[in-house]
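All remarks here apply to the structure that follows.
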Amino acid sequence: MRGLGLKLALLRIAMMLCVCKATSTLHPLILVPGSGGNQLEARLTTGYKPSGLFCGRFYPISKDKEGWFRLWFDPSVLLAPFTKCFNQRMMLYYDPDLDDYCNAPGVETRVPEFGSTNSLLYLNPNLKRLTAYMAPLVKFLEEIGYVSGETMFGAPYDFRYGLAAEGHPSHVGSKFLQDLKDLIEQASASNGGKPVILLSHSLGGLYVLQLLNRNPPSWRRRYIKHFIALSAPWGGTVQEILTFASGSSFGVPLVDPLLVRGEQRSSESNLWLMPSPKLFGPGKALVITPNKAYSAHDIPEFLNDIGYPEGVIPYISRILPMTEALPAPNVGLTCIFGTGVNTPETLLYGKAGFDKQPEAVYGDGDGTVNLESLSALESLWAFEKNQSLKVIRLSGISHTSILEVSAALDAIIAEISSINSKAQAEVSFE
């Protein structure tokens, strides 16, 4: 492992020494973040009905002249009265008549700076040390010659929303796919027609795979050079079951998981991240209670039993068909993920029920996503002759530290450099 780290570091130094030469050969790169991986702004209208005294339209005090304020990430979410406000304003609602999701009444949201990497660097630029997200990765990319706005771009999105199976509307998610497609074409056009490298993290990988499979092969051949997926939860994660059952603070201190459970359950993308029956078999108990055990095949029953019956219909009709089909896009794909980190595999609930955090039996993964899900494409696409798939495992690297730790960043940079070098060799040979 130490020898590999040295090799990666030497490669990075070599790339830094020839930045001027390499810059002209770089394929444009687009970063697609994971859930919660970019800033989100909101504005309250007259239709907004506050849930409590602290949640009036006066809060927060800091807004721009049009009334927009930072919804994610705002540190006031750490304080209980404002956690309730956050929960109310982040909520989504499924409309069975429209068969689609929408914001809470009186809440408008927007994603700032689409196309730029700015909203991916820090979740709150006023708290850089505490909320850094893709800033370390972008710094490493800049060291090998990438320039934000010229050869490197960002594709932030409203991560609460997801996509739906064919025949079902998904207004917000579908608009993001169209915006991402347009950005890919623009990035290619502004870089001499070079095809684009897509680099995603976590949930972003599911979006990218859907984008590729929803566009014709001719478009993919023209515009996509390679797809690198970091920590992608191809088949969901057991952690998501805990989120739906008991809420999750995701390690944020002072936050009561039950105060944000309603918002987390309402998230369309969270439903998308439930463990897939395609990968987690019927004989594998993911949740065990004193009276019942649930596998990935029992999720509709599980949703009903935890008190969230409104999630059953969208899960069955919109999510399941999408997770059961993961066709290969026939685009060069590299999966990079961590292993050897304790990851919840089975949740054990006692007589106190789902309002109390469970005990967990741990298995392999990256601390958030189970190994079965991270490595799913190796088995699912084993006989796909036209699909190039490379898998890089990083021992001891967690779901989030893959964007922070030098060893992981070096591996990512090495893969991007290799893709660019091979492309240049092909051009030279021609």
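Conditions tested, residue by residue: (1) at negative phi; (2) in contact with a Lys or Arg (Cβ under 8 Å, 6 or more places away or on another chain); (3) open to solvent by 30 Å² or more (accessible area, probe 1.4 Å); (4) modelled with pLDDT of 95 or more.
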site	(1), (2), (3), (4)
T151	yes, no, no, yes
P156	yes, no, no, yes
L199	yes, no, no, yes
L211	yes, yes, no, yes
Y223	yes, no, yes, yes
V238	yes, no, no, yes
D256	yes, no, yes, no
Worksheet item: Of the residues L273, L230, which is under 26 Å from T131 (Cα atoms), under 17 Å from the mean Cα position of the chain (by Cα) and open to solvent by 10 Å² or more (accessible area, probe 1.4 Å)?
Response: L273
Worksheet item: Are any residues in the range 133-149 small (G, A, S) and either touching a Pro at 6+ places or on another chain (Cβ under 7 Å) or surrounded by 15 or more Cβ atoms within 10 Å (Cβ to Cβ) (or both), and if so, which ones?
Response: A135, G145, S148
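Is it fair to say L303 is within 17 Å of G235 (Cα to Cα) and either open to solvent by less than 10 Å² (accessible area, probe 1.4 Å) or modelled with pLDDT under 95 (or both)? Before the answer, list the steps.
Working: within 17 Å of G235 (Cα to Cα): no; either open to solvent by less than 10 Å² (accessible area, probe 1.4 Å) or modelled with pLDDT under 95 (or both): yes.
It is false that L303 is within 17 Å of G235 (Cα to Cα) and either open to solvent by less than 10 Å² (accessible area, probe 1.4 Å) or modelled with pLDDT under 95 (or both).
Just to verify a result, which residue in the range 60-82, among those that are acidic (D, E) and out of contact with any Phe, Trp or Tyr (no Cβ under 8 Å at 6 or more places or on another chain), is least open to solvent (accessible area, probe 1.4 Å)? Don't jump to the end; show me each part of the working.
Kept after step one, since they are acidic (D, E), are these residues of the range 60-82: 64, 66, 74.
Retained after the next criterion (residues that are out of contact with any Phe, Trp or Tyr (no Cβ under 8 Å at 6 or more places or on another chain)): 64, 66.
Working: D64: 64, E66: 105 Å².
For the range 60-82, the residue satisfying everything is D64.
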Item to complete: Could you check how many residues of the range 83-99 are open to solvent by 20 Å² or more (accessible area, probe 1.4 Å) and in contact (Cβ under 8 Å) with a residue 12 or more places away in the chain?
Response: 10
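Is it true that G193 is surrounded by fewer than 22 Cβ atoms within 10 Å (Cβ to Cβ), over 16 Å from the mean Cα position of the chain (by Cα) and modelled with pLDDT under 95?
On the way: surrounded by fewer than 22 Cβ atoms within 10 Å (Cβ to Cβ): yes; over 16 Å from the mean Cα position of the chain (by Cα): yes; modelled with pLDDT under 95: no.
Answer is no for this residue.
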Response to the item:
Scanning the range 314-334 for residues that are open to solvent by 60 Å² or more (accessible area, probe 1.4 Å) and in contact with a Pro (Cβ under 9 Å, 6 or more places away or on another chain) gives I316, E324, N330
Worksheet, complete the sentence: If we keep only residues of the range 105-127 that are touching a strand residue (DSSP E or B) at 6+ places or on another chain (Cβ under 8 Å) and among the polar types (S, T, N, Q), then the residue most open to solvent (accessible area, probe 1.4 Å) is N118
Practice prompt. Could you run through the range 81-103 and say how many residues are hydrophobic (A, V, I, L, M, F, W, C), out of contact with any helix residue (DSSP H, G or I) (no Cβ under 6 Å at 6 or more places or on another chain) and under 20 Å from Y48 (Cα atoms)?
Written response: 1
Discussion item. Under 6 Å between Cβ atoms, which residue pairs at least 6 apart in sequence (or on different chains) link something in the range 126-153 that is within 13 Å of L31 (Cα to Cα) with a partner that is aliphatic (A, V, I, L, M) and in a loop (DSSP other than H, G, I, E, B)?
Written reply: Y133/L123; T151/L26
Fill in: Qualifying residue in the range 216-236 (condition: touching a residue at least 60 places away in the same chain (Cβ under 8 Å), part of a helix (DSSP H, G or I) and either among the acidic types (D, E) or within 26 Å of L394 (Cα to Cα) (or both))
no
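In this structure, does L31 turn out to be aliphatic (A, V, I, L, M) and either within 17 Å of the chain's Cα centre (by Cα) or not in a strand (DSSP E or B) (or both)?
Numbers: aliphatic (A, V, I, L, M): yes; either within 17 Å of the chain's Cα centre (by Cα) or not in a strand (DSSP E or B) (or both): yes.
Yes; evaluated as a whole, the condition is true for this residue.
Evaluate the following for G311: is it of a type in the set (G, A, S) and open to solvent by less than 50 Å² (accessible area, probe 1.4 Å)? Steps first, answer last, please.
Values: of a type in the set (G, A, S): yes; open to solvent by less than 50 Å² (accessible area, probe 1.4 Å): yes.
So G311 fits the description; yes.
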Worksheet item: Which residue pairs have Cβ atoms closer than 6 Å, lie 6 or more positions apart in sequence or on different chains, and pair a first residue in the range 23-48 that is among the hydrophobic types (A, V, I, L, M, F, W, C) with a second residue that is in a loop (DSSP other than H, G, I, E, B) and modelled with pLDDT under 95?
Response: L44/R57
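Taking the range 340-362 as the search range and keeping residues that are of a type outside the set (F, W, Y) and in contact with a Ser or Thr (Cβ under 6 Å, 6 or more places away or on another chain), which one is surrounded by the most Cβ atoms within 10 Å (Cβ to Cβ)? Let's see the steps before the verdict.
Start the filter on the range 340-362 by keeping residues that are of a type outside the set (F, W, Y), which leaves 340-348, 350-353, 355-361.
Among the residues that remain, those that are also in contact with a Ser or Thr (Cβ under 6 Å, 6 or more places away or on another chain) are: 340-341, 357, 361.
On the way: G340: 16, V341: 19, Q357: 17, V361: 15.
Result: V341.
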Worksheet entry | Qualifying position, being of a type in the set (A, V, I, L, M, F, W, C), buried (at least 21 other Cβ atoms within 10 Å of the Cβ) and within 22 Å of G37 (Cβ to Cβ), among F250, F280, F337 | F337
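The values are calculated or read from the model by the stated rules, or taken from the named source; none is laboratory data. All figures in this text were calculated on a predicted structure; none of them were measured in a lab. Positions of Cβ are generated from backbone atoms using ideal geometry, with glycine treated the same way; all protein chains shown enter the neighbour counts. Heavy atoms of the whole protein, side chains included, go into the accessibility calculation; ligands, DNA and RNA do not. Shrake-Rupley method; radii C 1.70, N 1.55, O 1.52, S 1.80 Å.
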